[in-house]
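Accompanying notes for the structure given below.
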Amino acid sequence: MKKLGIYIHIPFCRQKCNYCDFYSIKWNAESEKKYVESVINEIKSYKYEAGGKYVADTIYFGGGTPTIINPGNLKVILDNLNELIEIDKNAEISMEANPNTLTADKLKAYKEIGINRLSIGVQSLNDEILKKIGRIHNSKEAVEAIGRAGESGFENINADVMFNIPGQTVKDIEDTVSEIIETGVKHISFYVLKLEKGTPMFTMEKNDKIAMPDEETEREMYYAGRNVMEKNNIFQYEISNFAEKSHECRHNLKYWNQEEYIGLGPSAHSFLNNIRYSNPGDLNLYCKNADAGKFDRIIHEELDEEDLITEYIMLRLRLTEGLNTGDFEEKFKLNFNERYKSQINYLVNNKLLAYDKDFIRLTKKGMDISNYVIEEFM
Ligand SMILES: C[S@@+](CC[C@H](N)C(=O)[O-])C[C@H]1O[C@@H](n2cnc3c(N)ncnc32)[C@H](O)[C@@H]1O
Ligand code: SF4
């Protein structure tokens, strides 16, 4: 049977952070109930497309804040999934968690229902920065949450860290990353803060209330964080992702390997049968559709062979491992070296691309201008 990833979007937060434009609304018990019923309906709607054809080897509860809802409801969702699509017994089952919603009781419940990887939104261990970006936790609570997760038997823990925040310094980044590593996490997602239209921080910047770090400082922060991680055996495997060996996130690797996944819940994205589509980012509409048994899909792209090839190159070059030319040939029945001879020569000569046995990968210089390099293959 074919392998499949499942993403479940939990669209609730206690409070919206000043930078975030992921779809989420304020939690209430009534909405949670309606949401869970709708997700179950959506799972059932995949009966003919996916039922009996796939085995789910990665599952990812993302958000929003999955730790807000009753853990019993996560189990209901998993049980319904398992009825339609077998869940592999070694499946990676991840969940995003906000530090101060991660109680010992909840951690115990997550373990019991089979969640085996946590991704904790730390962002920074500087309390002033945390306040500025509108987080509802402080640095002490974040470190304690990671500790509690470890004590509850979670071995596979990620911490999200953001850099390029107004007021943040290179030293801040070094301190945050070092302190996080001391907690024993095996994975760090190191995101550059992007100002998203419609968020409070976007407006503040437009009105000169805050100033973004300049490009040079942004790069310095990135190199500083990367250096601290690499010195501590947490290696980069993707532009924004670092892990101890064999702790890479298997679910997210599916995105960069162009493998199939289904996204459930409002705003969730899917890639199935070479089509990229998403659900509307509106809980009311999502539930209304679920009641009517029709799930409107917003089609983003139907990829033909040429689209698949260029997308595959773009995705694989995000990974430090790079693109394996043998895998490329097996997948597309084309010789990579012949097809892209001039691009490879040009990029290797300019030290943007490295060629090593059967792999081509971005150099560190190439990674800094990855969009430019990838553009050469389009
Ligand atoms: C969708 S959030 C869900 C995690 C969880 N709700 C939390 O915040 O703790 C996943 C991660 O995306 C990152 N993120 C969200 N908005 C971002 C932005 N505008 N720029 C960079 N990273 C962002 C944050 O690091 C966050 O932890
Ligand atoms: S960063 Fe996380 S907690 Fe903050 S609004 Fe976004 S999803 Fe919610």
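Relative contact order of segment 323-375: what whole-number percent is it, with Cα pairs under 8 angstrom and at least 6 residues apart? Mind showing how you got there, number by number?
On the way: 46 pairs, mean separation 15.5, N = 53.
It rounds to 29 percent for segment 323-375.
Skipping prolines and chain starts, which residues have an amide H placed within reach, meaning under 5 Å, of the one on His300, given they are 5 or more residues away or on another chain?
Counting only residues 5 or more places away or on other chains, the set is Arg276, Tyr277, Ser278.
For the chain, what's the relative contact order in percent, using C-alpha pairs closer than 8 Å and at least 6 residues apart? If you can, show how the numbers build up before the last one.
Details: 656 pairs, mean separation 58.0, N = 378.
So the answer I get is 15 percent.
Which residue, Asn100, Asn349, Asn274, tops the fluctuation ranking in a GNM of the chain built on C-alpha contacts under 10 Å?
Result: Asn349 has the largest fluctuation of those listed.
Have a look at Glu96, Glu83, Glu259 and tell me which one the Gaussian network model of the chain (Cα, springs below 10 Å) gives the largest fluctuation.
Glu83
222 nm [θ] for the chain, helices only, -39500 (n - 2.57) per DSSP H run of 4+, per residue, to 500?
On the way: 17 runs with 162 residues, N = 378.
Value at 222 nm, helices only, nearest 500: -12500 deg cm²/dmol.
Taking a ≥ b ≥ c as the square roots of the eigenvalues of the Cα gyration tensor of segment 323-375, is the shape rounded (a/c under 1.5), prolate (a/b larger than b/c) or oblate? Before the final figure, lay out the partial values.
Values: a/c = 1.94, a/b = 1.81, b/c = 1.07.
Verdict is prolate for segment 323-375.
How many angstrom separate the Cα center of segment 304-324 from the Cα center of segment 96-146?
Cα centres, segment 304-324 to segment 96-146: 34 Å.
If you filter segment 294-369 for GluC sites (Glu not before Pro), then keep DSSP loop positions with at most 16 other Cβ within 10 Å, what is left?
Glu321
Run through the DSSP bridge list for segment 160-279 and note the antiparallel percent, rounded to the nearest 5. Please report the intermediate quantities before stating the final value.
On the way: 11 of 15 bridges.
Counting only bridges with both partners in segment 160-279, antiparallel ones make up about 75 percent.
Counting Lys +1, Arg +1, Asp -1, Glu -1, what net charge surrounds Arg250 among other residues with beta carbon under 15 Å of its beta carbon? Could the numbers behind the result be given before it?
Working: positive: Lys3, Lys89, Arg117, Lys186, Lys245, Lys254; negative: Asp57, Asp88, Glu92, Glu155, Glu238, Glu244, Glu248, Glu259, Glu260, Glu321.
My count for the surroundings of Arg250 gives -4.
May I ask for the net charge around Phe235, where only other residues with Cβ less than 12 Å from the Cβ of Phe235 are counted and Lys, Arg are +1 while Asp, Glu are -1? It would help to have the intermediate numbers written out before the result.
Details: positive: Lys186, Arg226, Lys231, Lys245; negative: Glu230, Glu238, Glu244, Glu248, Glu321.
Net local charge, Phe235 excluded: -1.
What shape does segment 22-75 have by the C-alpha gyration tensor, where a ≥ b ≥ c are the square roots of the eigenvalues, rounded means a/c under 1.5, and otherwise prolate means a/b greater than b/c and oblate the rest? Before the final figure, lay out the partial values.
Working: a/c = 2.28, a/b = 1.76, b/c = 1.29.
In terms of gyration-tensor shape, prolate.
In the chain, which Cys residues have no partner Cys with a Cβ closer than 4.7 Å?
Singleton cysteines: Cys13, Cys249, Cys287.
Taking amide H atoms as placed 1.01 Å from N in the peptide plane, list the residues 5 or more away in sequence, or in a different chain, whose amide H sits under 5 Å from that of Ile6.
It is Thr58, Ile59, Tyr60, Ile262, by chain and number.
In the chain, what percentage of the DSSP-assigned beta bridges are antiparallel, given to the nearest 5? All intermediate terms of the calculation are to be shown ahead of the outcome.
Details: 22 of 58 bridges.
Once the DSSP bridges in the chain are tallied, antiparallel ones form about 40 percent.
Enter the Cα centre distance for the pair segment 36-94 and segment 246-262, rounded to the nearest angstrom.
Measuring centre to centre over Cα atoms gives 16 Å.
Let me check I've understood the local charge: for Gly184, count other residues with C-beta under 12 angstrom from its C-beta, Lys and Arg +1, Asp and Glu -1. What total comes out?
Working: positive: Lys186; negative: Glu151, Glu155, Glu179, Glu182, Glu244.
Counting the neighbours of Gly184, the net charge comes to -4.
Take each complete run of DSSP H in the chain, measure how far its Cα atoms stretch along the helix's own axis, and keep only those covering 15 Å or more with mean Kyte-Doolittle hydropathy at least 0.0; list them. Numbers along the way, then the final one.
On the way: long enough: 29-45 (24 Å, -0.81); 71-84 (20 Å, 0.04); 139-151 (18 Å, -0.49); 170-182 (18 Å, -0.08); 215-231 (24 Å, -1.64); 305-316 (16 Å, -0.17).
Sorted by number, the helices that extend far enough and score high enough are 71-84.
In terms of modelled amide H atoms, which long-range or inter-chain residues lie less than 5 Å from the amide H of Asn158?
Leu118, Ser119, Ile120
Given a cut-off of under 8 Å on Cα pairs at least six residues apart, what relative contact order in percent is computed for segment 1-146?
It rounds to 26 percent for segment 1-146.
Comparing Tyr340, Tyr46, Tyr255, which has the greatest mean-square fluctuation in the GNM of the chain with Cα pairs linked when under 10 Å apart?
Greatest mean-square fluctuation among the candidates belongs to Tyr340.
Coordinate-derived values only; no laboratory data. It should be emphasised that the depicted structure is a prediction, and the values quoted were computed from it without experimental measurement. Don't worry about glycine lacking a Cβ; one is built from the backbone with ideal geometry, like all the others, and counts go over all protein chains shown.
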